[in-house]
Structures are given as structure tokens and as C-alpha cells.
Amino acid sequence: MSSPSPQRPAEQALYEPGIQTLAAEPLRALQEERLARQLRRVFAEPVPLFRRHLEAAGIRDPRDVAGLADLARIPPLKKSDLRASEAAVPPFGDYRGSLPASWVRIGQTTGSSGRPTLIVWTRRDLEIDYRAAARARWRWGLRPGMVFAQAHPHGLYAGGWHMSHGVEFMGCLDIPSGPPATAEHRRKVVRLWQRLAPDMYRLFGNAGVKYYETAVEMNLDPARDLRFEQAGSHPASQFEAVSAGLEALGMLGSACAEKNGAHLCEDLAVVEVIDRRTGHAVGHGERGNLVVTILEKDNFHIRYDLEDLVRLNLDPCPCGETHRRMFYDGRVSDAVAVAPDGPDGRIVEMLPIDAALLLHEFPELAVPSIEYQLVRRPQPGRALELRVEGPDDAAGDLVAAIARRARERLGVAVEVELVARGALPRFDFKAARVVDEAG
Ligand SMILES: [Zn+2]
């Protein structure tokens, strides 16, 4: 294992500079060497699901995949394949790259798309995950000795444990407060933050909003008393990180100071973006499915389709890091199809982030937070339907202005239904922005 020690000078700009600035050619050579090792393990361990899958694609020997270019011969696997494997060979399925005695942690996926699948980690798997996460948080300024506040749920959701142990791995003091459950819990957490004055907060979505509001209710000035700025309120903050899921690589990348995409960990994963209809790779800036092949971990994946929609930024980054950058746009399951030219015309797909970036341009909607829904009908309509919380006195002018901007920004018509502040549901953790309604 290379550089397992988290100790390094705080003034160093990157967590693993040697790897993070590796030139394209040696990086590719490293990926191919590591890919070959994983493929050998598929046949030697063996990993039955992957082995059957490779053999069905005509790959009967690891040497049949000569390099990264040959990867495309292997059809992607999805969550449903893992779920089927777990049902056929309970409880863990037949896709694990290591033996149960070597596992030290279990987690399960959120199950938002069906029965949750089980995730297992060996010590080595955890260390790879922590290294990837450490690179990400180092870019954001986290350094050993700092105090770090977060509100991830723990328990069966492994993301909380990963975040806690990941920052501890870096040598930081972790304050795991959990989500803003009850009013009493929120006040307790705020008082603790007041005492400890964290150096960095990482609170997602409504957790940040709720804790911030609680501090204000307690007559505190969050910035002065808690060193707590309400971050993440701009929808583009979504682009600061990209994940390949806890089952693959929880922190696949994070944005550098350029804030023009998240640098991937390409020595730890082969990352592809494909058109899910054709299976072909898409180009610079084009939206497609995130497909990863995990290198280095004992429990790995080969061409695993996360069913997430992402875009690659293929431009070299002025910061000096060489690994490519990516934008996370949303889930395939949240895509809302719009047929601007009628039922026979071209279909465009809209995601919550598209609506959020549009609505954020209107201060009367953006403060205190943008609350909105995309309404999805059984058949794509000619316009994107948005339900948006707005001021009570908003006139038709606002709706018309949003529609105008939508044409320019998204290239589609929108129909906006303004609703009263507080009318739409709030979420403590991940927001559900797409609602299916009969049409
Ligand atoms: Zn950069």
C-alpha cells in the first residue's frame, strides 16, 4: 500500500501530489496495470457474477482485455444486477472480490430504487475510501488538527461512518451531530458548536438551513458565534463533489479552487461517461451515465453504471492537477423528459439542477432558500412543469420572467405554478424534487 500515512505538511497544496499531478501517459499505464490485476482476480478468486458477465461478453481470459480501450466490450452492470445476485445467493450475492472473514464493515444503500443492496469493506477498502475523501477535503482546506462539524446520519447509512472515520483518518477532530431531528437536539448541537468553534462545516441541504435557523432563533450570530456561514445555498455547490456511491467509491472527486468540475481519482477508478441508449462514450461537456471500474479495492466493480447523469470537463486545469474533472448533474430516475416540438419531436431531459440554477437567478425565489418541484407526467409534455414557492404578492410578471429565462437558459418552455412559502415538503437529508402526477 502506497503512502498509508495521513501525516503530511499542512502547507502542501495537495494531499497526494505525486499521484494527483501524474501526466496522462503514466496515469493511463497505472490504470491499465491495476485493471489487469482486478481482471485476474475475477478469474482467480473467482468473482462469479463478474466472471459470468465477462464470459458472456466473450472474455474468457484476463489477457483478452488488452487495455482501457477494450473495456467497452463489457456491458455495464447496474444496481439491479447486484440486487438479483443477492437474491440468488443470499445474503451477499456472488459479486464480492474478497472473503467474508476479511470484512470489517457493512452498510446498505438507501434503497430509493428498490431493496437496499449490502456493501462490505475490508480494511484496505476503507483506507482507499479515506484516501480519496482526504484528497477531496484537503482541496477544500481541511488540515490535520482542525475541528470538523458535520450532520450526516449514522446507523445503517454508511455515509456517516465514512465521513466520521475519514476525517479522523486525516487527523481532524470530528463532531458528528447527526441530522437536525428535534428542536432540542438542534439547540444542543448549536451550543456544542458555540463551545468548540469548528474550523469547517460540511452540512448538506436542509440540515445546514435548519441548524442555521436554530442558531438565529437562539439569538446567536452564526458567523460570529459559531464560525458558521450558511454554505451550499447556491445550487452550483452541487458541482463541488462527485460520488460513485458508497458501493463503489464514496468520494470519486472534488472541485479545486477553479470550481469548474470535480477532479476525479483516476488512479483509483476508470471513469467513463456513456450515452445510456447507445452505450457509446459522450464528449466534453455532454451529459451521460457515470460508469466506473474500481481499481485497488478488494470489493470492486467492473463497468458499474451508477445511473447518475454527469458531464466531463476535458480541459486541462490551471491548478496543475491532471486527473479529469466532472460535474454531477443528478439521477437518471430524476430526469424529466420534455418534448418541446410535440410528441414526435426530439426529447430533452431536465433535472432538478437545471431548475435550481434557473430559479436561483431570481432573488425573490432564492431567499431564504429555493423550494421547488419538477412535475413529471406519464407522457412528456411540451413544457417543463415547475412548482415553486414564491412571495405571496408575486404577480404574473415573475412567472413570465422565469419562462423567458428558461427559453434562453434551458432551451425549453416552462410552466410555473407559484405556491405559498412553506407549501412544499422539506427534507432533512436528500431532497426529493421530482413528483410524478397523473396527466
Ligand atoms: Zn484543478
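The values are calculated or read from the model by the stated rules, or taken from the named source; none is laboratory data. Computed from a predicted model, the values in this text were never measured in an experiment. Cβ atoms come from the backbone with ideal geometry, glycine included; neighbour counts cover every protein chain shown. Remember, those area values only see protein heavy atoms, side chains included, never the ligands or the DNA or RNA. Shrake-Rupley method; radii C 1.70, N 1.55, O 1.52, S 1.80 Å.
Roughly how many percent of the accessible protein surface of the range 328-435 is carbon and sulfur, given a 1.4 Å probe and a whole-percent answer?
In the range 328-435, the share of accessible area belonging to carbon and sulfur is 51 percent.
So how many Å³ per residue does the convex hull of the Cα atoms of the range 335-436 work out to?
Working: hull volume 9.4 nm³, N = 102.
Cα convex hull per residue, to the nearest whole number: 93 Å³.
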Q: Set the Förster distance to 25 Å, then compute FRET efficiency between A101 and R52 from the Cβ-Cβ distance, nearest 0.05.
A: 0.55
Q: Could you do me a favour and compute the accessible area per residue for the chain, 1.4 Å probe, result in Å²?
A: 45 Å²
Q: Read phi for every residue in the range 27-40 and hand back ³J(HN,Hα) as whole Hz from Karplus 6.51 cos²θ - 1.76 cosθ + 1.60, θ = phi - 60°, with x for Gly and Pro.
A: 5, 5, 4, 5, 4, 5, 5, 6, 5, 4, 5, 5, 5, 4
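Considering Cα pairs under 8 angstrom that are at least six residues apart, work out the relative contact order of the chain and quote it in whole percent. Show your work: numbers first, answer last.
Details: 792 pairs, mean separation 56.6, N = 439.
Here the relative contact order equals 13 percent.
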Q: Could you rank F239, F92, F228 by how accessible they are, 1.4 Å probe, largest area first?
A: F92, F239, F228
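Based on a Kirkwood Rh over C-alpha pairs, give the Stokes-Einstein translational diffusion coefficient of the chain at 10 °C and viscosity 1.306 mPa s in µm²/s. Don't skip to the answer; put the middle values down first.
Numbers: Rh = 23.4 Å.
Translational D for this selection: 68 µm²/s.
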Q: Pull up all non-local amide H partners of M218: gap of 5 or more, or a different chain, and H-to-H distance under 5 Å with H placed in the peptide plane.
A: none
Q: Run a plain Debye calculation on the range 104-155 (Cα atoms as equal point scatterers, no solvent) and give log10 I(q)/I(0) at q = 0.26, 0.31 Å⁻¹, rounded to two decimals, same order as the q list.
A: -1.08, -1.11
**Q.** K188 versus F427: modelled label distance in nm, points set 7 Å from Cα along the beta carbon direction
**A.** 2.6 nm
(Q) Please report the equivalent ellipsoid semi-axes of the range 382-439, computed as sqrt(5 x eigenvalue) of the Cα gyration tensor, largest first, in whole Å. (A) 21, 16, 11
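Going by accessible area, probe 1.4 Å, with all protein chains left in place, what is the ranking of K210, K79, K430, largest first? Before the final figure, lay out the partial values.
Working: K210 55, K79 35, K430 130 Å².
Output order, biggest surface exposure first: K430, K210, K79.
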(Q) Quick query: amide H of G381 versus all other amide H atoms, modeled in the peptide plane; which residues come in under 5 Å with a sequence gap of 5 or more or a different chain? (A) A339
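Kindly sort D221, D129 by accessible area of their heavy atoms, largest first, with the probe set to 1.4 Å.
Values: D221 60, D129 10 Å².
So, going from the largest accessible area down, we get D221, D129.
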Q. If the cut-off is 24 Å between C-alpha atoms, which lysines fall inside it for K430, apart from same-chain ones fewer than 8 positions away?
A. K78, K79, K188, K210, K259
